[in-house]
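Working notes for the structure below.
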Amino acid sequence: MVSADVRVVVLLTAWGAGSSAVAGFLDACGAYTCPPHHSTNDPRTPNSYEPAALQQALADAIDETTLQPKSNAGAFADFFESWLTEEKAKAARNGSDTIVLKHALQVFLLPALDRIAMPEYIVITRPYPTIEQTRQRRGWHSTQGEAGAKIIYNAIYSYMHGAEKPYLAMPFDRFRNDAAARSKLLQYIDLEPGPDALAKAEAWLT
């Protein structure tokens, strides 16, 4: 079991649902998002705020085009426990007591994340047509649009309800347009940025 000195927050979301903006906002507020990050081909969001090492481990465990486990999916838990221990130490050295993890494929490995990280969960939602429009603009595979989002959100809610896990549901458009919603998010995960950090985070969103 990984030590609990640094909290872990897991963003559960489909591709194209705005989670990069949410993760970037939390990063600016003082959360540690485990760089280096995976880069995208989208000039609007070149930084995915997805840890590159975690992204690779997830892709090794889950097929991104079918969303089905690969034969070595069971090895993910060993990787994740060791990696998270190192990232918690890095977060502490950077003066942060909160790690934020974001990637769409996380939902298919929630039992391992739950057991090892004991995280708080934020479910970021966006209408399916908007997710699909984003996929088409980016030229990404169909699983990274509406078709995949339906599978991902079904998996999220099935796990959350079946395991009776608390979570905060955050519609992306409300997060983007309502300062009160952003404040509620920060309160939910006990992240308390100073005035300068909060101003920087708010400016980053505009």
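All of the numbers you see were taken from the coordinates with simple rules; none came from a lab. As the structure is a computational prediction, the values presented were derived from the model and not from experiment. We place every Cβ from the backbone using ideal geometry, glycine too, and count neighbours over all the protein chains shown.
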For segment 122-164, restrict the atom set to alpha-carbon positions and state the Rg and Dmax in Å.
11.6, 37
Along its principal axes, what span do the Cα atoms of segment 100-150 show, with the longest given first and each in whole Å?
36, 18, 17
Hey, rough spin-label estimate for ASP5 and ALA75, points 7 angstrom out along Cα→Cβ, what's it come to in nanometres?
3.0
For the chain, built as a Gaussian network whose Cα springs stay under 10 Å, the top-fluctuating residue of ARG137, ARG176, ARG115:
ARG137
Between the alpha carbon centres of segment 54-121 and segment 133-159 the gap in Å comes to 19
Would you list THR66, THR134 from fewest to most Cβ contacts within 10 Å?
THR66, THR134
For percent of Cα pairs over 30 Å apart, which listed value, (1) 15; (2) 20; (3) 44, comes from the coordinates shown?
(1)
In segment 1-111, what is the volume of the convex hull around the alpha carbon atoms, normalised per residue and reported in Å³?
97
Rounded to 5, the percent of DSSP beta bridges in segment 7-192 classed as antiparallel:
20
